[in-house]
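Structure, as structure tokens:
The values are calculated or read from the model by the stated rules, or taken from the named source; none is laboratory data. Just so you know, these numbers come straight off a predicted model, no measurement behind them. Cβ sites come from the backbone with ideal geometry, for glycine too, and all protein chains shown count toward neighbours. Ligands, DNA and RNA are excluded from the accessible area calculation, which covers all protein heavy atoms including side chains. Shrake-Rupley method; radii C 1.70, N 1.55, O 1.52, S 1.80 Å.
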Amino acid sequence: EEDIANTLLDRGIEWNFVGPASPHMGGSWESQIKCVKRILSTLLNEHHPLEGDLSTIFTEVEHILNSRPITYVSPDPKDMAPLTPNHLLNIPCVIGGSLPGVFSDKDLYQKSWRFVQKVSEDFWKRWSEEYLPWLAKRNKWIDKVKPLEVGEIVVVLEDNAPRNAWKLGRITKVYPSSK
């Protein structure tokens, strides 16, 4: 481990090792991994997909995770697209890209492609419902947190939003609490 760290340091890379039994050292990415595992475990509980189907599901999930915006998203269409993990991986990404179709629960028992698409759609729905609230700071009762203000951009969670549709909103009015 020391040899690896020294070799990488010569190239300007800092090596940080997270042991296999130490997920608490991983911080935010470990929380996301835990969320993904929980959702996939629930969605695939009764199903035993073939290896190719499972590989495709993992690829869809990877695309969902890596398509999320990680920088400010401007409401002006003339501005550049927000940075996503896919950009860092040099994979082109269109936020809110088109879907291959609309799928229902009966598709779970038909062809493999429909099964994969249904599981991917269900994953998107569950993950966006769990991920977006996680973005909110949870230290508001310990530290002073600046309240939201008019003009700020926020991610809006809508029921039945299509996959990778990161709808944004601008705050036009705030309703401060009495406390």
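Summary of computed values
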{"quantity": "Subset tally (residues that are closer than 16 Å to residue 63 by Cβ and at pLDDT below 70) for region 117-136", "calculated": "0"}
{"quantity": "Options 31, 55; residue that is at pLDDT below 80, surrounded by 10 or more Cβ atoms within 10 Å (Cβ to Cβ), of a type in the set (S, T, N, Q) and out of contact with any Ser or Thr (no Cβ under 9 Å at 6 or more places or on another chain)", "calculated": "31"}
{"quantity": "Pair list, Cβ under 9 Å, 6 or more apart: region 31-56 residue farther than 18 Å from residue 116 by Cβ, other residue open to solvent by less than 30 Å² (accessible area, probe 1.4 Å) and outside any helix (DSSP H, G or I)", "calculated": "33/26"}
{"quantity": "Enumeration of residues in region 137-155 that are over 21 Å from the mean Cα position of the chain (by Cα) and at pLDDT below 70", "calculated": "139, 140, 141, 142, 143, 144, 145"}
{"quantity": "In region 159-179, the residues that are open to solvent by less than 100 Å² (accessible area, probe 1.4 Å), assigned to a loop (DSSP other than H, G, I, E, B) and of a type in the set (Gly, Ala, Ser)", "calculated": "161, 165, 177"}
